[in-house]
Structure formats: structure tokens, C-alpha cells
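Novice: First the structure, then my questions, so here it is.
Just so you know, all these numbers are worked out from the coordinates, no wet-lab data involved. All figures in this text were calculated on a predicted structure; none of them were measured in a lab. Cβ placement follows ideal geometry from the backbone for every residue including glycine, while neighbour counts extend to all protein chains displayed.
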Amino acid sequence: MATLKGTGGRTAHAALHEALRALCCVAWLAALNACHESNAPAAENAPLPQVSVVRPEPREVREQLDLMGSVAPSATVTLVARVQGVLKDIGFADGAHVKQGQVLFRIEPDTYRAQLVYDQAALDNAEQELTRQKQLTSDNATSESSLQKAQTTRDQALAKRDMSRINLGYTEIRAPFAGRIGARAFDVGNVVGGSDSTKLATLDRIQPVYVNFTLNERDANRIGLFTQAPHTVRVNVPGTTPQQGEDAALEFVDTRVDPASGAIKLRADVANRDAHLIPGMSVEVHIPAGAPQNVLLVPDTALLREQAGASVLIVNAGNVIEKRSVATGGLHGSLRAITAGLAQADRVVTGGGLSVTPGMKVQTVDAAVQGRS
């Protein structure tokens with residue numbers, strides 16, 4: 001067999017190599033095109049993303065100011081031993097609710113009862129002597145000075161007897177009002193009353209309680225606090241809705257605005273019927289602001305909050321996602337008031353919104369409005 005040599009042989013070999021490469025490329029492109037054509041129907045038949053939607057709920061609401069306040073007892077008394085002696089009895093359990101007039105402490109009453117008997121006897125003798133001196137004076141059988149002395153002795157004995165009676169009363173310390181009492185400072189057997197500041201316990205009245213809070217000057221003017229202050233506010237524990245709270249009478253508005261903070265102090269009186277509010281607790285205070293107005297309510301979680309403002313995702317008639325800017329009002333439970341930007345027929349996305357973008361076609365599932373206030 002003859003072989004190609006020289007320059008002509010090398011050229012023929014290179015041409016053969018290029019032909020083989022071209023043939024491989026054509027085969028690869030054909031295979032790729034076949035694969036693409038086989039996958040196209042599958043992509044076209046893929047299910048659309050699914051989102052949950054709700055329609056805005058129309059309602060007449062009244063805007064309100066939402067503030068934080070702290071609970072304080074409506075009355076507090078420090079129980080002090082006013083006589084000295086051994087503490088004989090304690091009539092309560094630490095932290096218990098006590099009734100008005102209930103005996104809380106008893107301090108060695110026998111000693112003071114005996115003193116009262118002694119002083120009563122001395123008074124009786126002084127009364128008898130005064131009566132005798134008066135009789136003698138009418139008979140001109142004694143001097144005026146003797147009568148005056150008997151009168152003075154009787155008056156001193158009367159004062160001493162009265163003081164003994166008062167001291168005997170101090171041996172029993174009773175609750176001046178119904179409330180909740182703190183921990184005792186002394187146990188039975190201790191000598192108390194050695195000084196004027198022997199504190200035995202503290203009693204708080206918690207039915208009703210006070211709720212103290214502050215309001216800035218701008219909001220105070222907005223609700224007409226200085227001209228027509230609201231009569232009631234709403235108080236509830238954080239984590240509950242205002243509807244689960246309790247109405248409270250706005251019973252104190254301070255006489256001046258604090259120039260340092262620009263706020264004014266207010267106080268509400270809460271009946272606290274079930275005694276669930278205790279001093280020191282933080283609570284939410286809601287003050288009506290403005291006249292009632294008709295708004296649309298959507299779940300607050302449906303709102304997108306950006307620097308440009310609030311917006312929601314809606315699904316239009318063609319089941320395509322749109323982004324809609326809205327104007328918002330107050331929070332009512334877990335629902336946010338929408339004052340502009342939505343219609344009652346709009347479908348607002350509440351679930352699945354993280355996986356979709358405006359312009360994307362979706363399928364929808366109706367969801368009930370949760371968290372009605």
C-alpha cells in the first residue's frame with residue numbers, strides 16, 4: 001500500500017481530524033435539542049405556586065392610642081406596732097387576701113388589760129373623793145383648794161384610764177380595708193413596738209387598683225385631653241387583646257406637663273374584679289382617639305413594610321400577583337386597619353408570599369381572617 005509523504009500527507013491527515021470533530025458536534029447538538037424538546041412539555045405542565053388569600057373585612061372602628069402603664073395599689077398602709085410587748089398571734093398567711101376588720105396581729109393584751117383595770121379603779125376612787133369634796137364644800141366643811149385638788153386628781157385619773165383603754169386597743173392590729181398583705185416582718189414570740197418605726201407588714205388595696213401612665217403633649221392635644229378628656233380607657237395585660245381587658249375610669253390628669261419629658265401623668269381606676277392585676281405589673285392602656293370610621297381590616301402579618309411605606313401582595317382577576325401600596329391605621333387585635341389602597345373585593349396574600357413575586361401567576365386558597373379583635 002502506498003502512503004502519503006511530505007507536506008501533502010500531513011494536510012490530508014488534518015482534514016480527516018477536522019471532519020471527525022464536526023461530526024461529533026453535530027451529534028451532540030442533536031442530542032441536546034432532543035433533550036430540550038422532551039423537557040419542555042414537563043415545564044409547561046408544572047403546578048402553579050399556591051398562596052393563601054383573604055378578602056379585607058369591612059368594619060367601623062375607632063382609632064386609639066396604645067400606651068404602656070404600671071399597676072399601683074389604690075391604697076397602701078404600713079402596719080406598725082404602736083405599743084410594746086411580745087407578739088402573741090399572727091392572723092394571716094404571708095401574701096394572702098384579708099378582709100376589712102380582720103385581726104392581723106395581737107401584742108400581749110393581758111398586760112394592757114390589767115393596766116386598764118388598775119386605772120379604772122383609780123378613777124373610781126378619784127370620782128368618789130370628788131363627790132365627797134363637793135358635798136363638804138356645800139356644807140362649808142372643806143376648803144376650795146381641797147375641792148380643786150380632788151377635781152384635778154379625778155381629771156388625771158380619767159385621762160390615764162382613757163390612755164390605757166387606747167393602748168389596749170393597740171394590742172390588736174386590724175385590717176383597715178380589704179386587700180392583699182405582704183410578708184410579716186416578725187414571728188410570734190418577738191418583742192415589738194420598741195420604736196415608733198416597728199414595721200410589721202404592708203397591706204395593699206388591689207380592688208380597685210390604679211394604673212399610672214404618661215401621654216406626650218402632642219397626643220394629649222390630639223384627643224382633647226385638656227378640653228374634653230375621655231372618661232374611660234381600656235386596660236389589658238400584654239399578650240391579650242383589649243377586648244379581654246377591662247374598662248377603667250380616667251380619674252386623674254396631672255395639672256402640668258413635665259417640661260423635661262414633654263409628657264403628662266395620668267391615672268386610671270380599674271375595678272380589677274378578679275384581682276389578676278397586682279402592683280408593679282406592666283399593662284397596656286388604650287385611649288380612644290377620634291370619631292369612629294369605616295375601614296378595611298387585614299391580618300397585620302400580610303403587610304410588607306419598606307422605607308417607601310406599607311404595601312400588600314394581591315392576586316388580580318387573572319391570578320397574577322400584584323404589589324399594592326396602602327395607607328394603614330391602628331391595630332385591632334391582630335388585624336390592621338387599611339384606610340386607603342384596597343377594595344373589599346381584593347384578594348390579599350396572607351400565606352406563601354415569600355415564594356412569589358409580582359407578575360407571577362399563582363393558584364389561590366381562601367383563608368379565614370384570624371385574630372378578630
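Novice: Out of the residues in the stretch 91-111 meeting the condition of being surrounded by fewer than 17 Cβ atoms within 10 Å (Cβ to Cβ) and among the acidic types (Asp, Glu), tell me which one is farthest from ASN167 (Cα to Cα).
Specialist: So the residue we want is ASP94.
Novice: Which one is surrounded by the most Cβ atoms within 10 Å (Cβ to Cβ), of the residues in the stretch 142-172 that are farther than 17 Å from ASP124 by Cα and β-branched (Val, Ile, Thr)?
Specialist: THR171
Novice: Tell me which residues, restricted to the stretch 222-273, are among the aliphatic types (A, V, I, L, M), assigned to a loop (DSSP other than H, G, I, E, B) and within 16 Å of the chain's Cα centre (by Cα).
Specialist: Residues satisfying the conditions are VAL237, ALA271.
Novice: Going residue by residue through the stretch 164-185, is there one that turns out to be of a type in the set (S, T, N, Q), in contact (Cβ under 8 Å) with a residue 12 or more places away in the chain and outside any helix (DSSP H, G or I)?
Specialist: Within the stretch 164-185, one or more residues are of a type in the set (S, T, N, Q), in contact (Cβ under 8 Å) with a residue 12 or more places away in the chain and outside any helix (DSSP H, G or I).
Novice: Related question: Enumerate the pairs (first residue in the stretch 249-263 and more than 27 Å from PRO208 (Cα to Cα); second residue anywhere and of a type outside the set (A, V, I, L, M, F, W, C) and outside any loop (DSSP other than H, G, I, E, B)) with beta-carbon separation below 7 Å, excluding pairs fewer than 6 apart on the same chain, so at least 6 apart or on different chains.
Specialist: Cβ pairs passing all conditions: GLY262/ASN216; GLY262/GLU217.
Novice: Of all residues in the stretch 233-248, count the ones that are loosely packed, with under 15 Cβ neighbours inside 10 Å and without any contact (Cβ under 8 Å) to a residue 40 or more places away in the chain.
Specialist: 4
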